[in-house]
Structure formats: structure tokens, C-alpha cells
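Accompanying notes for the structure given below.
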Amino acid sequence: MSRDAKALSLYLSLTIPLLLSSGAGSAPLTPGNVLVNDAFFLSDRVFEYSPAGDLVQEIVVPYGEARGVVVDSAGLMHVWNGPFQPLLSTYESTSGTWVHHSFPGWSSINCLPCNGIDALARYVFVTDMTTFGGEAKGIIRFDTADYSGQRSGGDQQYSDLSVGQDGLVYARRADLGDPPPPTVVDVYDPFTLVRLRSVTLGQRTLTITVDADGFIYGYRGGSVNQYDSSGNVIATYPITDQGALYDIDLSRGGRFVLSASNGEVILTDRYFNRIGAFRILSGSFAYVTTIDGNRAPIPKAAAVDLDPHVINMKSHAPWVTAYVEPSGFDPVSIDISTVRLAGSVQAAPKFVVVEDHNANGIPDLMLKFSRAALDPLLTPGMNSLEVTGSLVTGESFAGIGEVRVIDPGGGYKVASVAPNPFNPSGVLAFTTVKPGNVRVTMFDLQGRLVRTLMEAPLLPAGEHAVKIDGLGGRGEVLPSGVYFYQVNSADGTATGRFAILR
């Protein structure tokens, strides 16, 4: 430690207790305020500040190794309490109580910043690294219902992560090489923990946050780079010339909060126009996060199987049956009166049955919906229909099932893409009345051929489907945008458009 750093540390040890002694104690966290955790000088405390820089309260962290902080949708504050054998320390602000949980093999090297923590619904996600040669690594998801943990991505080490406002988990791989390798971000489904894709950023960055459109933001020196879903730098925003940026967070209201190495906390709008700033007491490196009062809980997930899978618009069957298989909650906890199919069609309560429809050992809920109410909402081709509802606990759930809609006697059917928009892949469904050669192609907005999706010299009449995997003709990942498809067959030509949203 340098002479200046030692002097500052001594000064803080003498003055901070005097400054904070009147503010200690428990009080509810206030939405819109900012939490600050100085992991360098004051790792045993989390500070709550107003946007104007007023110190609202200090919260003393047991064990005193706070390396990051987040507030979940239930208002619980979670602290990474480490590094080598960390704890997930959870604080209930109205009662001022703490609980602490560990996980086998969870660890991190002793560096700042090398600890990622974020929350989504009832889950808290943390990064994991190998510190003593042999422990598992990847990301760990804690379920705050019972604080059980689950690890994924054990082939990688991560030093930061962010739950994007698009509902996905973005984990930044640790830069362990010399020189450091390019920054790579792995994207995970928060509920299945399946790794969906990897993004190599155009410039090296340390800490990331992600908006609702999937744009990644990370700092480099005193500036913030904005990256698209392919990792290309699309904008650079200078923030400060008085110190390097250290951490970044984005509120649901579109406000960024950043910390600088000189102890400044900076508030900006979504275009990085400065709307406020203040200095923290310790004047050092800090983790920052917003207290999001408008962070809506993500609905619980459910798998949905619809029967029949193909609906003939000329038939007059009375019902469509949905088998709803919950993920992490009991089907009997669903409030049937709130369940809707396609946003408006109510479930018929007299047909409700709990059973194991697909014999996988997980009970599901059988519901029936009126065809007369549903048919006006359907279109020829593939339809993605969402089942939504609430639980008796007040939480919500959602799941999507698919049906193909046909209308015999209507001649050549218009093709359709579902889901639309999609990420990472969709299905182009079409029907041919006559057998013969079929060629399916896709174009960009400028009319340039992007890829030939199908070339069949003799395709029989009937229903067909082509997967669109979001890649171009050379295997490159296509950027977000609108694209066109064209189906040429013996019946004629059908065209349409779809969107890729990354």
C-alpha cells in the first residue's frame, strides 16, 4: 500500500465512525436510492445514498468482506461476502436481520473487481472461479425460497455477471491470460441455466450491464462503450476525466449509476447525459447498484402443451386443451380464475384436473379453453399462444404453447414465422397444395440475398417447416433487424417478413 493510501486508511479509521455513528441502525431501503459498497477501505459496510448524495443509512455487514451488492424484487439486499470462501449474505431491511449461506466449491480470487452478483425474481446469481486448483467454477444460482444452489457453466471462470433487462443472464469470462484475451460474455437462460450463446466484445471491458434491447454496456477507462448483440461497439460515451470508471448499473427506469476510482458516484440518463453526482465518504473504488422500486418480478415459468397441435378452422370442436407443467411451483397453487389463453380466453373451471400428462414424474394442470372464443385470435400457420395467470401467493406465471392452424379449401396458404420476432431461432411454416420444386430464401431490408434456407427438387404436397437459426449464408450471426422470406413452389410465390431481436 502506498504512503497516500496508508494515510487515507488511517484517516478513515478515525473519522468514519464519528461520521456514521448517528446513522447506524436498520431502516427500510428506499426505492430510487443508490447502494454503495467500498470493498477496498470499508468492506464491512454498505451505504445507502439519495440521488442528491445524502447519506441515508449505513448497514454493517457481518464478517466484513462485502464484494458487491444487489437488491431483489422482494426488497431483500444480497451481499457477496468473500472472497476465497464467500457467503451469500442476505439482509432484510425492515427487521435489520441477516442470514448467510455458502455453496460447495464457491470461491473467487482476491481482486477488485472479480465478483459478480445480480438478482432476478427469487433467484440470486453469482460468479465462481477456481482459486486453489480443483474447485468447480461457472455461475451459481441461489433460490431464495430455500437458498439451495445450482451451478452451471463449469467449463468457464467468470469475474462479473449481469441480469439483463431482457431477462437473460450475461456472464463475463475472467481475463486470466497475459496479455488478457478479448472479453467474452456468455449468455444464459436464468431458469434452465442453459448457455444460449457467447459474445466477443469489440473492446476489453471489466464490468457489464444490459438493457431491455440486449445492448451491453461496459466501461473502458473513463468512458462507457455500448455493444450490440454481436459484440460490435456502436457508441462510446465519455463520462469522466478525473478517474477510471469502476462499476456500472442500470435501473428499470433507465437511469445509469456509475462509480469512479476517485470516489465519485455518477448518475446519468440512458443517453449518458449527466443528471447528478456525489462523492462517497471513503473516496475510493466502490460497487454500486440502484434500489429498484419498479423492478417487476419475472413471472414463474411453465411448460405448455396444447392439444390438438393442429387446428382445422373448418372444424367446430368445442375445446382446446392446455397441459401446464409448472417449474418450481405446485400446480394446485394456480388461481384458476386468473388463467388466460392468448391474453383473453378464460379457462373453463369445471374441467380442471391435476395429472402427469407426459408421464415425466412432474404433475401438471389440465385446462380447457373455448374454441369459439379462441378462433378469432388465430391466423393460418404456426401460432404461439401464451398461457398466463396468478398464484394464490400473488405471484404470476407464464408459458407458451404452439398450434398450427390450417384452413382446407382456401388454396395456397400464406407462410408464417413463429415466434416473430425470435431469438435465437424461429420456424418458417408453409403448406403446398401441389408437389414439386420448392426454394425458400431470405433477404435483408435492402433486398440482398442473405441465405437459401431450402432447395428441394421434389417436395410432396402438405405442411412443411424450415428452421431459421439466425445465421447468414457464411455462418455469421445475423444482427437484430427485419428480414424477408420468399417461398417459391408449384403453387406460386409467398412472401412475408420477420424480425430477429437479440
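The values are calculated or read from the model by the stated rules, or taken from the named source; none is laboratory data. Since we're looking at a predicted model, the values are computed, not measured. No Cβ is skipped: glycine too gets one built from the backbone with ideal geometry, and neighbour counts run over all protein chains shown. Accessible surface is based on the protein model in full, side chains and every heavy atom, while ligands, DNA and RNA are left aside. Shrake-Rupley method; radii C 1.70, N 1.55, O 1.52, S 1.80 Å.
Accessible area per residue (1.4 Å probe, heavy atoms of protein chains only) ranks Met313, Met442 as Met313, Met442, with the largest value leading. Remark: the Glu455-Thr30 segment gains 147.0 nm on full extension, using 0.36 nm per residue and subtracting the alpha carbon distance.
Taking a ≥ b ≥ c as the square roots of the Cα gyration tensor eigenvalues, with a/c under 1.5 meaning rounded and otherwise prolate when a/b beats b/c, else oblate, which class fits region 225-271? In terms of gyration-tensor shape, oblate. Which residues does a label at Ala398 reach in region 459-501, if reach means a backbone N under 20 Å from a point 7 Å past the Cα toward the Cβ? The answer is 499-501, whose backbone nitrogens lie closer than 20 Å to the label point.
Here the scattering of region 148-208 is modelled by Debye summation over its C-alpha atoms, one equal scatterer each and no solvent; at q = 0.17 Å⁻¹ the log10 of I(q)/I(0) is -0.56.
Between Asp330 and Asp241, the FRET efficiency estimated from the beta carbon spacing at R0 = 41 angstrom works out to 0.15. In whole percent, and with a 1.4 Å probe on the protein chains, what portion of the accessible area of the chain is carbon and sulfur? Carbon with sulfur: 54 percent of the solvent-accessible area. Here the chain is assigned +1 on the Cβ of each Lys and Arg and -1 on the Cβ of each Asp and Glu. Its dipole about the Cα centre then comes out at about 1100 debye. Shape class for the chain: prolate, because the ratio a/c of the largest to smallest gyration tensor axis (alpha-carbon atoms, square roots of eigenvalues) is 1.5 or more and a/b beats b/c. Counting heavy atoms of the protein chains alone, Asp292 has an accessible area of about 20 Å² for a 1.4 Å probe. Given axes a ≥ b ≥ c from the Cα gyration tensor, I'd like to know whether region 70-130 is rounded (a/c under 1.5), prolate (a/b larger than b/c) or oblate. Prolate shape, in that a/c is at least 1.5 and a/b is the bigger ratio. May I ask you to derive the relative contact order of the chain, considering only C-alpha pairs under 8 Å and at least 6 residues apart, and to give it as an integer percent? Normalised by residue count, the contact order of the chain is 8 percent.
Ignoring aspartates and glutamates fewer than eight residues from Lys314 along the same chain, the ones with Cα atoms less than 20 angstrom from its Cα are Asp375, Glu402, Asp407, Glu463. One chain, two ends: Glu476 and Ser370. Fully extended at 0.36 nm per residue, the span grows by 33.8 nm beyond their Cα-Cα distance. Placing +1 on the Cβ of every Lys and Arg and -1 on the Cβ of every Asp and Glu, with no other charges, gives region 428-487 a dipole of roughly 120 debye about its Cα centre.
Rounded to the nearest 20 debye, the dipole magnitude of region 211-263 is 80 debye, with +1 charges on Lys and Arg beta carbons, -1 on Asp and Glu beta carbons, and the Cα centre as origin. Taking 14 Å as the straight-line reach from the Cα of Lys300, the aspartates and glutamates in range (excluding those fewer than 8 positions away in the same chain) are Asp143, Asp189, Glu325, Asp330, Asp335, Glu386, Glu395. I'd like the orientation of helix 3-20 relative to the chain: the angle between its Cα long axis and the longest Cα principal axis, in ° from 0 to 90, rounded to 10. Helix 3-20 sits roughly 80 degrees off the main axis of the chain. Measuring r between the beta carbons of Ser425 and Leu445 and using R0 = 22 Å, the FRET efficiency lands at 0.65. Local charge for Trp80 was computed over the other residues whose Cβ lies under 9 Å away, with Lys and Arg +1 and Asp and Glu -1, and equals 0.
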